[in-house]
1. Go ahead and set up a Gaussian network model of the chain, Cα springs under 10 Å, then flag whichever of Ala52, Ala16, Ala28 fluctuates most.
2. Whole Å is fine, so just give me how far the alpha carbon centre of region 9-60 lies from that of region 76-91.
3. Could you sort the peptides 88-101, 68-81 by per-residue average Cβ neighbour count (10 Å cutoff), highest mean leading?
4. Can you give the extra length, in nm with one decimal, that the chain gains between Ser35 and Ala91 once fully stretched, where that is 0.36 nm per residue apart less the Cα-Cα distance?
5. For Cα pairs less than 8 Å apart in space and 6+ apart in sequence, what is the mean separation divided by the residue count of region 6-100, i.e. the relative contact order in percent?
6. Give the residue from Leu32, Ile82, Val57 lying farthest towards the positive end of the charge dipole for the chain; charges sit on Cβ (+1 for Lys and Arg, -1 for Asp and Glu) and the dipole is referred to the Cα centre.
7. Identify which of the listed values of Kirkwood radius over Cα pairs in Å was calculated from the structure shown: (1) 13.6; (2) 18.4; (3) 14.1.
8. Count the lysine pairs in region 6-100 that are 8 or more places apart or on different chains: how many have C-alpha atoms under 29 angstrom apart?
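Just so it is clear, none of the values below were taken in a lab; they were calculated from the coordinates. Keep in mind that what you see is a predicted model, and the values were worked out from it rather than measured. Positions of Cβ are generated from backbone atoms using ideal geometry, with glycine treated the same way; all protein chains shown enter the neighbour counts.
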Amino acid sequence: MDHPLIDLISAKIRAAEAAGEFDNLPGAGKPLPPSDDPKNALFHRLMKENGATPEFVSLSRELAKLRAELNDTDDRTKRREIMKNMSMMEAKIDMARKAYR
């Protein structure tokens, strides 16, 4: 099923082409940059250009904070809780890495 606005979108593109709005674009006529993951190349480029970080990276940072907190704590109950949170965080990181691929 086509998008309900496909005719309008196509008309806008044709009008832009006729007006020369796609002429002399940066990178026109040049090959696309190489990519290890061509399927997700656009996604990765947009993330990089907008300063986004993958979820597993931010979760890894949280895990590093938990490790530092564990090193600074002598309370057995608190250490047990931190270790439990670390275990959960490692599982989340693993799932996020798999989803990212």
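1. Ala16
2. 41
3. Working: 88-101: 13.1, 68-81: 10.9.
Result, highest mean Cβ count within 10 Å first: 88-101, 68-81.
4. Numbers: separation 56, 0.36 × 56 = 20.16 nm, distance 2.84 nm.
In short, 17.3 nm is gained.
5. Numbers: 29 pairs, mean separation 25.0, N = 95.
RCO, region 6-100: 26 percent.
6. It is Ile82, whose Cα lies furthest towards the positive end.
7. Checking each listed value against the structure points to (2).
8. 17
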